[in-house]
Amino acid sequence: MKIVIITDAWEPQVNGVVRTLKQTRKHLIELGHDVHLITPEQFKTVPCPTYPSIPLSLFPGRKVSKLLDAYQANAVHIATEGPLGMAARRWCIKNDVQFTTSYHTQFPEYVRLRLPIPLSWSYAWFRRFHGKAVHTLVPTASQKQRLISHGFKNVEVWGRGVDTDIFTPDNPKQLGLTGPVFMNMGRVAIEKNIEAFLQLDIDGNKVVVGDGPDLEHLQQKYPDVTFTGAK
């Protein structure tokens, strides 16, 4: 099968979207599929005003259309709602091509943290973006229920696997901490609401595993917490 994935998030970004798509591509190829990616590195970009580590592709519509015309894919998956995702969505609708989308995190809540935009406005925009998809794929059942409560349709769970070669109890990393140890693992960014974990009044040691734009700020604010960085 010829599969094309369109994403505004790609290397050198370090986040769950990039990790998920890299692993998805790897395993699809191993299964014998022909996988093409459309990513920001193929376009001229500018930094996102509120999130400079994210590049925004400039006027990608014509090139995205040419790439999709050339690929003639059997399946189109739009992984993000940025300029590339919007261009691919327009092409699919114009050419009557079915497609799926992904909804990776709580974007409206993140937008509200950065800009004075009501949640209802953001959810309305995202609902419209995903409304034409055959299915909108989410990582968890709770995310599915959240979107359904905001009026999204055709939402399905696309669960994330665990690499048992990496995550194994056979050779645990020793940090010299007394138990119990409570851990948060993932990208360290404001939209992940890690402070809800850090502010818990619990007996034991807290460990945050991961990297991200909010790491330095949280390290300074919570000096008693162990931050390991990316592992």
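The values are calculated or read from the model by the stated rules, or taken from the named source; none is laboratory data. For clarity, every value in this text was computed on a predicted model and none was experimentally measured. Note that each Cβ is placed from the backbone with ideal geometry, even for glycine, and that neighbours are counted across all protein chains shown.
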Exercise. Of (1) under 21 Å from I5 (Cα atoms); (2) among the basic types (K, R); (3) surrounded by 13 or more Cβ atoms within 10 Å (Cβ to Cβ), R112 satisfies all except one. Which?
Worked result: (1)
Exercise. Among the residues of region 73-89, which ones are under 16 Å from the mean Cα position of the chain (by Cα) and assigned to a strand (DSSP E or B)?
Worked result: H77, I78
Seminar exercise, completed: Note on region 96-112: residues assigned to a loop (DSSP other than H, G, I, E, B) and in contact (Cβ under 8 Å) with a residue 12 or more places away in the chain are V97, Q98, F99, Y103, H104, T105, Q106
Exercise. Can you name the residue in region 106-137 that is at pLDDT 95 or above and among the charged types (D, E, K, R) and is also nearest to F152 (Cα to Cα) among such residues?
Worked result: R127
For this session: Hand me the list of strands (runs of 3 or more DSSP E) wholly inside region 1-72 holding 2 or more residues that are crowded, with 18+ Cβ neighbours inside 10 Å.
Result: 2-6, 34-38, 51-57
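Go through the residues of region 161-170 one by one and say whether even a single one is at pLDDT below 95, crowded, with 16+ Cβ neighbours inside 10 Å, at negative phi and not assigned by the TED database to the domain that holds L21.
Restricting attention to region 161-170, the residues satisfying the condition of being at pLDDT below 95 are 161-170.
In the following step, the residues that additionally are crowded, with 16+ Cβ neighbours inside 10 Å were identified as none.
There is no residue in region 161-170 that is at pLDDT below 95, crowded, with 16+ Cβ neighbours inside 10 Å, at negative phi and not assigned by the TED database to the domain that holds L21.
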Exercise. Within region 40-54, can one find any residue that is over 21 Å from the mean Cα position of the chain (by Cα) and without any contact (Cβ under 8 Å) to a residue 12 or more places away in the chain?
Worked result: no
Problem set entry | Residue list for region 31-81, restricted to those being small (G, A, S) and modelled with pLDDT under 95 | S53
For this session: Determine which single condition V225 fails, assuming it passes every other condition in (1) among the hydrophobic types (A, V, I, L, M, F, W, C); (2) farther than 19 Å from Y110 by Cα; (3) surrounded by fewer than 17 Cβ atoms within 10 Å (Cβ to Cβ).
Result: (3)
Seminar exercise, completed: Flagged in region 115-133 as surrounded by 12 or more Cβ atoms within 10 Å (Cβ to Cβ) and touching a residue at least 24 places away in the same chain (Cβ under 8 Å), in numbering order, are Y123, F126, R127, F129, H130, K132, A133
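A quick yes/no check of all residues on (1) within 29 Å of F126 (Cα to Cα); (2) in the same structural domain as V111 (by the TED database); (3) at pLDDT 85 or above; (4) surrounded by fewer than 16 Cβ atoms within 10 Å (Cβ to Cβ):
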residue: S149; (1), (2), (3), (4): yes, yes, yes, yes
residue: K153; (1), (2), (3), (4): yes, yes, yes, yes
residue: K173; (1), (2), (3), (4): no, no, no, yes
residue: A189; (1), (2), (3), (4): yes, no, yes, no
residue: I194; (1), (2), (3), (4): yes, no, yes, no
residue: Q199; (1), (2), (3), (4): no, no, yes, yes
residue: G210; (1), (2), (3), (4): yes, no, yes, no
residue: D214; (1), (2), (3), (4): yes, no, yes, no
residue: Q219; (1), (2), (3), (4): no, no, yes, yes
Seminar exercise, completed: Within region 175-187, of all residues that are in contact with a Gly (Cβ under 7 Å, 6 or more places away or on another chain) and either more than 22 Å from A9 (Cβ to Cβ) or assigned to a strand (DSSP E or B) (or both), the one modelled with the lowest pLDDT is G179
